[in-house]
1. Can we say H114 is touching a Lys or Arg at 6+ places or on another chain (Cβ under 6 Å) and assigned to a helix (DSSP H, G or I)?
2. Within the stretch 122-136, is even one residue buried (at least 19 other Cβ atoms within 10 Å of the Cβ), more than 16 Å from the ligand (Cβ to nearest atom) and either in a helix (DSSP H, G or I) or at pLDDT below 90 (or both)?
3. Kindly evaluate T108 against the criterion of being away from the ligand (no atom under 14 Å from the Cβ), of a type outside the set (D, E), within 16 Å of V150 (Cα to Cα) and surrounded by 15 or more Cβ atoms within 10 Å (Cβ to Cβ).
4. Looking at V102, V85, which one is under 20 Å from L15 (Cβ atoms) and either more than 14 Å from the ligand (Cβ to nearest atom) or more than 22 Å from the chain's Cα centre (by Cα) (or both)?
5. Whether any residue in the stretch 278-300 is at pLDDT 75 or above and out of contact with any strand residue (DSSP E or B) (no Cβ under 7 Å at 6 or more places or on another chain) is what I want to check.
6. Within the stretch 63-80, which residues are buried (at least 16 other Cβ atoms within 10 Å of the Cβ) and more than 14 Å from the ligand (Cβ to nearest atom)?
7. Looking only at the stretch 247-258, filter to residues that are over 16 Å from F120 (Cβ atoms) and at pLDDT 95 or above; which one of those is farthest from the chain's Cα centre (by Cα)?
8. Restricting to the stretch 15-28, give me the number of residues that are closer than 15 Å to G95 by Cβ and more than 8 Å from the ligand (Cβ to nearest atom).
Amino acid sequence: YTNGFRQQYLIQHQLGKGHFATVYLCVEIATGNKYAVKVFGKVSKESQGSQMLDETLYQEIALLKGVNHPSLIFLREMFDEDDGVYLVLELAPEGELFNLIVSREKLTEDETRHVFRQLFEGLNYLHVRGIVHRDIKPENILVIDENLTVKLGDFGLAKLIGEESFTTTLCGTPSYVAPEILQENRRRRYARSVDIWSLGVVLYICLCGFPPFSDELYTEQNPYSLAQQIKMGRFDYPSPYWDSIDDQALDLIDKMLTVDSEKRLTVEECLEHPWMKNEPPIVDAEGLTGALVKLDFSKRKVERERTLLSSVNDSFYEVFKGGSGGVEDAEFKVFEKTAAEERIHNPVSTNVHQDEKPVI
Ligand code: ATP
C-alpha cells in the first residue's frame with residue numbers, strides 16, 4: 001500500500017459502478033497511459049456494511065495480487081487514501097461483453113468460440129490455484145479490443161477454496177447462479193463447478209442473444225419461476241434461433257448446464273470439447289472454403305464435419321445421398337463456406353441441378 005494516488009494519476013469519467021465500488025478511467029500523469037481505477041469509499045466503522053466492505057475489499061486485493069494471466073484483469077498497484085482505497089487496474093477500453101452482445105444482438109459461433117477459449121484459459125488458471133470466481137456474468141467479462149480479446153474482471157466475490165472449506169453463502173446474480181446454490185437445506189461445498197454453470201449461461205446468451213433461464217419465460221406451458229427452472233435445469237433451444245447452430249455447441253452447453261455438479265464438465269474438459277476444437281474452414285488449393293455437412297433428418301440438428309475440399313466441383317457443392325456412415329436417412333453435402341454458415345431452413349432435395357443452389 002502506498003498513498004499519493006492523485007500525485008500520479010488523473011481521474012476522468014466513471015466507467016461503471018458495483019455494490020461496493022465505483023470504477024473510473026484514469027491517466028498516469030508521467031506516461032499518459034490509461035487505466036481503470038476501482039475506488040472503495042471508506043465508511044465509518046459504525047455504519048452497517050463496513051465489515052462486509054472490508055471483507056470484500058481485502059479478499060479481492062489478496063486474490064488479485066497473485067493473479068497474472070492474459071485473460072484476467074491485472075492489478076497494477078493500490079493506494080490507501082483518506083477517502084478510500086484505490087485499485088489501479090488494467091483498462092478494458094471496450095467495456096462489458098454484455099453491451100457488445102446487446103449491440104450486436106448475439107455473436108457468431110466463431111466469435112463465441114474465440115471469447116470462450118480465452119475465458120476457459122483464464123478460469124483454468126484460477127481453478128488450478130483453487131480460486132472460484134463465483135460471479136461470472138457478461139457484465140464481469142470485459143472487452144479489450146475489437147478482435148474480441150476479453151478478460152474476466154470483478155474478483156469481489158471470488159474465494160480461495162481450501163479442499164476442506166465449505167460455504168453456502170448465497171452470492172452471484174440470480175440468472176447465473178448454479179442450481180446447487182439455490183438448493184436449500186443442503187450444505188454443499190462451493191466448488192469450481194459453479195463457475196462452469198455461470199459460463200454455460202453466458203455461452204447460451206452469446207449464441208442466441210437471450211438467456212436460458214428467465215422469469216420472462218413464464219407461460220402456462222412453463223409455469224416455473226427462475227429458481228425452479230434453474231434447479232430443474234429446464235431450458236430449451238427454441239427454433240428458429242438455434243436452427244443454424246452447430247450441434248456440438250448445444251452439446252457443450254448441455255454438459256455445462258448439467259444440474260448434477262459432479263457430472264458437469266470441468267474447465268479442462270470444456271477446453272477439450274469438440275466444439276472448442278472446431279477449427280475455421282480449411283481453404284483448398286483453389287481457395288475454395290467449405291464444410292462437409294452431414295444432415296441427419298431423424299435428429300433435431302445437423303452434424304457438421306470440416307474437411308478439405310479437394311473434390312469440390314465447379315458449382316462449389318456436391319450432393320451425395322446414401323446411408324453411409326451407418327446413418328439412415330442422411331445426406332452428405334459439401335457447401336460453399338458462406339452457404340454452410342447460413343441457417344438451414346429446409347432439407348435440401350437430392351435432385352439438385354448444377355445451376356440450382358440448395359435452399360439454405
Ligand atoms: P459487483 O457489484 O458486481 O460486485 P463491483 O463493485 O465489484 O461490482 P466491478 O463489477 O468490478 O465492481 O466494476 C463495475 C463496473 O465497472 C464493471 O461492470 C465495468 O463496467 C466497469 N469496470 C470494472 N473494471 C473495469 C476495467 N478494468 N476496465 C473497464 N471497465 C471496468
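The values are calculated or read from the model by the stated rules, or taken from the named source; none is laboratory data. Small disclaimer: the values here were computed from a predicted structure and weren't measured. Cβ placement follows ideal geometry from the backbone for every residue including glycine, while neighbour counts extend to all protein chains displayed. Just the protein is used for accessible areas: all its heavy atoms, side chains included, with ligands, DNA and RNA removed. Shrake-Rupley method; radii C 1.70, N 1.55, O 1.52, S 1.80 Å.
1. In short, no.
2. Yes, the stretch 122-136 has at least one match.
3. no
4. That would be V85, the only listed residue that is under 20 Å from L15 (Cβ atoms) and either more than 14 Å from the ligand (Cβ to nearest atom) or more than 22 Å from the chain's Cα centre (by Cα) (or both).
5. Taking every residue of the stretch 278-300 in turn, at least one turns out to be at pLDDT 75 or above and out of contact with any strand residue (DSSP E or B) (no Cβ under 7 Å at 6 or more places or on another chain).
6. Answer for the stretch 63-80, where residues must be buried (at least 16 other Cβ atoms within 10 Å of the Cβ) and more than 14 Å from the ligand (Cβ to nearest atom): H69, F79.
7. Here the answer is T258.
8. 1
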